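Structure first, then comments.
The values are calculated or read from the model by the stated rules, or taken from the named source; none is laboratory data. In this text the structure is predicted, and so the values were computed from the model without any measurement. We place every Cβ from the backbone using ideal geometry, glycine too, and count neighbours over all the protein chains shown. SASA here: full protein model, heavy atoms, side chains in, ligands and nucleic acids out. Shrake-Rupley method; radii C 1.70, N 1.55, O 1.52, S 1.80 Å.
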Amino acid sequence: MTVTYFSEDTIERFLDTLEKATEREVKVVVADNASLEGALERATAHRKNVQLLSIGENVGYGTAANRGVAELDDRYGWVVVVNPDLEWEPGSLDALLEVAGRWPRGGAFGPLIHDLDGTVYPSARLLPSFGRGIGHAAFAKVWPGNPWTKQYRQESGTPVERISGWLSGSCQLFRREAFDSVGGFDTRYFMYFEDVDLGDRLAKAGWLNVYAPSSRVTHEGGHSTSQASQKMLAAHHASAYRYLADRHQGLAWKPVLAAVKLGLALRLKLETR
């Protein structure tokens, strides 16, 4: 299933490349938060395997994804949640399912993701700790090669099949049993960190997040969020704070969290001035 937000320009290419990504029959649910009137209907009407779910308001990524997955009945033991500005390489979905067959405790599987220029996007990362998170947030833009960012993004070496802390939400294959066992995405996250949070909760429930670079896709990135960049940056900071606050509760953490909130607010002001 895919979540759309004014994604008319990319959805047809997404669906065209999906047809060559697998030899299996698939059902596609398009959970639409917002679109130009009639545009998605025209783009999907001739595709018998596509169901358009018009939500009618922007409820955020995780909430829309959960609603889309809920449209699939129990016959579907595997669910892909993917952005609509993504292009599948031929056979890539079958390759992802092949990897899943080797990991019986795998709950989520993520392919190797290329940016448009061919650069490999670091889509399988460690979970953010306070130290890594603050170091990455403070220095990533001014010092891209800093040790905190390098460690967090797990970019060194040739991509290999491995267990990861979390996987990019731009494209994930979920074992339906695993996804349902943790209640899917946490709907408190409007945008950003919903994939980090889900990866963490899956791992705590005994499932594995598996990076599968034998499967490859290309992601345009930022197609929907670029239309409201300042709002999305604010959402990113709010979600980062929520993730840390959820995992560091109690009086002892309050001063630390207050400092984090202040730092994020300052960073937002500097980046949007």
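The one condition from (1) open to solvent by less than 30 Å² (accessible area, probe 1.4 Å); (2) assigned by the TED database to the domain that holds TYR121 that LEU244 does not meet is (2).
Could you list, in sequence order, the residues of segment 166-207 that are part of a loop (DSSP other than H, G, I, E, B), buried (at least 18 other Cβ atoms within 10 Å of the Cβ) and polar (S, T, N, Q)? Across segment 166-207, the qualifying residues are SER168, SER170.
Given the options LEU233, LEU264, LEU257, name the one that is assigned to a helix (DSSP H, G or I), surrounded by fewer than 18 Cβ atoms within 10 Å (Cβ to Cβ) and at pLDDT below 90. Outline the logic, then answer.
Working: LEU264 fails: surrounded by fewer than 18 Cβ atoms within 10 Å (Cβ to Cβ); LEU257 fails: at pLDDT below 90.
From the options LEU233, LEU264, LEU257, the qualifying one is LEU233.
Scanning segment 67-94 for residues that are assigned to a helix (DSSP H, G or I) and buried (at least 21 other Cβ atoms within 10 Å of the Cβ) returns GLY68, VAL69, SER92, LEU93.
Is it the case that ARG125 is in contact with a strand residue (DSSP E or B) (Cβ under 8 Å, 6 or more places away or on another chain) and farther than 26 Å from GLU23 by Cβ? Reasoning before the result, please.
Details: in contact with a strand residue (DSSP E or B) (Cβ under 8 Å, 6 or more places away or on another chain): yes; farther than 26 Å from GLU23 by Cβ: yes.
Answer is yes for this residue.
When only residues in segment 42-64 that are open to solvent by 60 Å² or more (accessible area, probe 1.4 Å) and under 21 Å from the mean Cα position of the chain (by Cα) count, which is nearest to TYR192 (Cα to Cα)? The residue in question is GLU57.
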